[in-house]
Amino acid sequence: MIPEVFVVTKEQAVTYDVNAIQALEGIEHVRKRPGMYVGGTDIKALHHLVYEVVDNAIDEALAGFCTRIGITIHADSSVTVEDNGRGIPVGPHPTKKDAKGNPMETVDVVMTVIGAGGKFGGGGYKVSGGLHGVGVSAVNALSEWMVTEVKRDGKWWRQEYKRGVPQGSIQLVGKVPKEETGTKQTFKFDKQIFTEDIDYRFDTLVQRFREMAFVTRGVTIRFVDERADRQMTFYFEGGLTSFVRYLNRNRETLHPVVHVEKDIENIGIEAAIQYTDAYTESVYSFANTINTIDGGTHLTGLRASLTRVINDYARKNGLLKDSDPNFSGDDTREGLTAIVSVKHPEPQFESQTKVKLMNPEVQTYVTQVVGEAFSTFLEENPQAAKAIIAKCLTSARARDAARKARDLVIRKSALESLTLPGKLADCSERDSSKTELYIVEGDSAGGSAKQGRDRHFQAILPLRGKIMNTERARLDKILSSNEIKALISALGTGIGDNFDISGLRYGRIIIMTDADVDGSHIRTLLLTFFFRYMPQLIEDGHLYIAQPPLYRIAYKNQVKYAYTDKEKDKILKELGEKAGIQRYKGLGEMNPEQLWETTMNPANRTLLLVTVEDAAEADRTFDMLMGDAVDPRRKFIQTHAKAVRNLDI
Ligand code: 28F
């Protein structure tokens, strides 16, 4: 008989081994396959590291213990995240053991054991993240160094790690007032892992932090970028209501924001809704603070309940006649700004990359909670109800008219698919992998481009600017313009549901507009058009923006072109101040040879590839541009350059 005590010891011996090796093997695995933990080693993965750490602070805020979160990017690209929560518990961990069988330090468990964190203590669950949820230990493993500091019970602790491995045991730094508590994490991403020349992008991080602040009411998020001396602080008293107000800041609203917040079966549901006079929809959904850009059951629930409540109300109050059909989802969507945010203990996402919430019960709960709140609102605010329903009626009618117009365009372009538009100067090459279509602003620039091009593979389609310049025009209306019809038939793909990439006649579609405000406006309208009706063109990397030079600098028999002001200054320095300088105000000022040399010749030119990095932001931007507020439009034109990235050809 083996004495029982012996058995226990033996079992424990096995456990010690597992815990000790677990941590090291885990770290090794993360470093070997970062893709499995943070999605790769690109800039997205880099941002992921920050989100992972911030998520823990957000969790502490959602649990009700933290009101302030600070994020700082230092000059050396190390990052500090700190909160004023309870602080990670310090002391021996109740279950995890080190190689010698002694309890592991809790901080070391959180920081080194892959898959630790989350379920431990208090029965709480990890709310934020959910999508990543790989834990801070993965960040630690991918950092050249990381320092964890905890203030708790009047003590200030510090532990340091190198590439995920603890450097000795946790140290007591000093004393602090008992009320002063929190966690501070500082890490420097490891260049051995992130070998590309990448760094954090302020704008990307800011957007995420703004969203986090919106959906985590009452928390102040301060973001400091010491690399460029920039900072931003977010605090939204009203949570989602503030978010909706922010989105509608340039729009005419039809009623006050409708807000609802309720817990059902341990699932937190919050929504905010407001209709405006805009034509577009701005609806965003969040699951455990993650922006679920592909929507999911929470979004479906929200949309379904709004359509149902509006139809019910309209019928009951005689605003829809018996002969009228019900409003469709599209009708109730126009002018809608809404956010739905759910906090779920066990979120299910479609996959690692696609951000879509799949929990079926969420749809039922959201429909119920939002439906109740919105129908009460309509009952109590008949004026608002009337305005919303009038808006739905208008969109139903407009949609009907637009459908007819669009059918006509599509049918026509199908019939005329062999008749190319008269204004198109086509190329002789038929292999679309070699051909390019320049969409050129204005007839005169179009003329220069036609003469300057290589007609073997370059086609030119001049567009007359003013037709595109229809303010606040529905895209449906723009569709019926002759300019756009010409563009559609030149491309050969059809549009919308009839889009077929195999018909594409040009491998590269290049937008060439003046470097002035009108030029960027037309460019944006074209981008809007492509984004809404031919998104695959952008996704597949067919859409580009030409980069005409801003200056021509001549000295003796040397001629140089500058594409930016910085470049101009550099060239002037090289050539000396006596150089003659010409500023191009438009494409029309260049003769055909100059246009070819600077902007069209593949050997010299720079093209910007148009990408849709963040569909939500792009939509917001397009939306803004279609509105009539001038300021945001100008802002867009400045920031727009970031939506395209440099491509060397
Ligand atoms: C800088 C980023 O990471 N904040 C955090 C807490 C608080 C607790 C906790 C964190 C212990 C063993 C999981 C405190 N008191 N900010 C942060 N604040 N982690 S991380 O506990 C972690 C558990 O495994 C905490 C009581 N319960 C939890």
What strands (runs of 3 or more DSSP E) completely inside segment 150-216 contain at least 1 residues that are within 16 Å of the ligand (Cβ to nearest atom) and under 17 Å from Asp55 (Cβ atoms)? 182-189
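Residues checked against (1) at pLDDT 90 or above; (2) surrounded by fewer than 16 Cβ atoms within 10 Å (Cβ to Cβ):
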residue	(1), (2)
Phe234	yes, no
Gly239	no, no
Tyr246	no, yes
Arg249	no, yes
Thr253	yes, no
His259	yes, no
Asp263	yes, yes
Glu270	yes, no
Tyr275	yes, no
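Conditions (1) under 20 Å from the mean Cα position of the chain (by Cα); (2) outside any helix (DSSP H, G or I); (3) closer than 20 Å to Arg217 by Cα, marked per residue:
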{"position": "Arg251", "(1), (2), (3)": "no, yes, no"}
{"position": "Pro256", "(1), (2), (3)": "no, yes, yes"}
{"position": "His259", "(1), (2), (3)": "no, yes, yes"}
{"position": "Thr280", "(1), (2), (3)": "yes, yes, no"}
{"position": "Tyr284", "(1), (2), (3)": "yes, yes, yes"}
Just give me the residues in segment 171-198 being open to solvent by less than 40 Å² (accessible area, probe 1.4 Å) and either among the hydrophobic types (A, V, I, L, M, F, W, C) or at pLDDT below 95 (or both), in sequence order. Val176, Phe187, Phe189, Ile193, Phe194, Ile198
Out of curiosity, is Leu537 out of contact with any Lys or Arg (no Cβ under 8 Å at 6 or more places or on another chain), part of a helix (DSSP H, G or I), modelled with pLDDT of 80 or more and crowded, with 21+ Cβ neighbours inside 10 Å? no
Count of residues meeting criterion [open to solvent by less than 80 Å² (accessible area, probe 1.4 Å), among the aliphatic types (A, V, I, L, M) and not in a helix (DSSP H, G or I)] in segment 549-598: 7
Going through Lys386, Lys316, Lys321 one at a time, which residue ends up being of a type outside the set (S, T, N, Q), open to solvent by 50 Å² or more (accessible area, probe 1.4 Å) and under 22 Å from Thr280 (Cα atoms)? Lys386
When the residues of segment 154-165 are filtered to those that are in contact (Cβ under 8 Å) with a residue 60 or more places away in the chain and not aliphatic (A, V, I, L, M), which remaining residue is least open to solvent (accessible area, probe 1.4 Å)? Gly164
Tally, over segment 88-117, of residues that are more than 9 Å from the ligand (Cβ to nearest atom), within 17 Å of Gln185 (Cβ to Cβ), not in a strand (DSSP E or B) and not hydrophobic (A, V, I, L, M, F, W, C): 2
By residue number, the members of segment 46-84 that are open to solvent by 30 Å² or more (accessible area, probe 1.4 Å), part of a strand (DSSP E or B) and either among the small types (Gly, Ala, Ser) or more than 10 Å from the ligand (Cβ to nearest atom) (or both) are Arg68
Which of the residues belonging to segment 331-383 are aromatic (Phe, Trp, Tyr) and in a loop (DSSP other than H, G, I, E, B)? none
Yes or no: Thr289 open to solvent by 10 Å² or more (accessible area, probe 1.4 Å) and of a type in the set (Ser, Thr, Tyr)? no
Criterion first (modelled with pLDDT of 75 or more, of a type in the set (D, E, K, R) and open to solvent by 60 Å² or more (accessible area, probe 1.4 Å)) does Arg403 satisfy it? no
Members of segment 521-547 that are closer than 22 Å to Gly588 by Cβ and in contact with a Ser or Thr (Cβ under 7 Å, 6 or more places away or on another chain): Ile522, Arg523, Ala546, Gln547
What number of residues in segment 489-530 are in a loop (DSSP other than H, G, I, E, B), among the charged types (D, E, K, R), closer than 23 Å to Asp431 by Cβ and out of contact with any helix residue (DSSP H, G or I) (no Cβ under 8 Å at 6 or more places or on another chain)? 1
Segment 184-206: number of residues that are out of contact with any helix residue (DSSP H, G or I) (no Cβ under 7 Å at 6 or more places or on another chain), over 16 Å from Ser78 (Cα atoms) and among the polar types (S, T, N, Q): 0
Members of segment 257-283 that are more than 11 Å from Val369 (Cα to Cα) and free of Cβ contacts under 8 Å to residues at least 24 places away in the same chain: Val257
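The values are calculated or read from the model by the stated rules, or taken from the named source; none is laboratory data. Computed from a prediction, not measured in an experiment: that's the story for all the values here. FYI the Cβ positions are ideal-geometry reconstructions off the backbone, even for glycines, and counts take in every protein chain you see. Just so you know, the surface numbers come from the protein's heavy atoms only, side chains and all, with ligands and any DNA or RNA stripped out. Shrake-Rupley method; radii C 1.70, N 1.55, O 1.52, S 1.80 Å.
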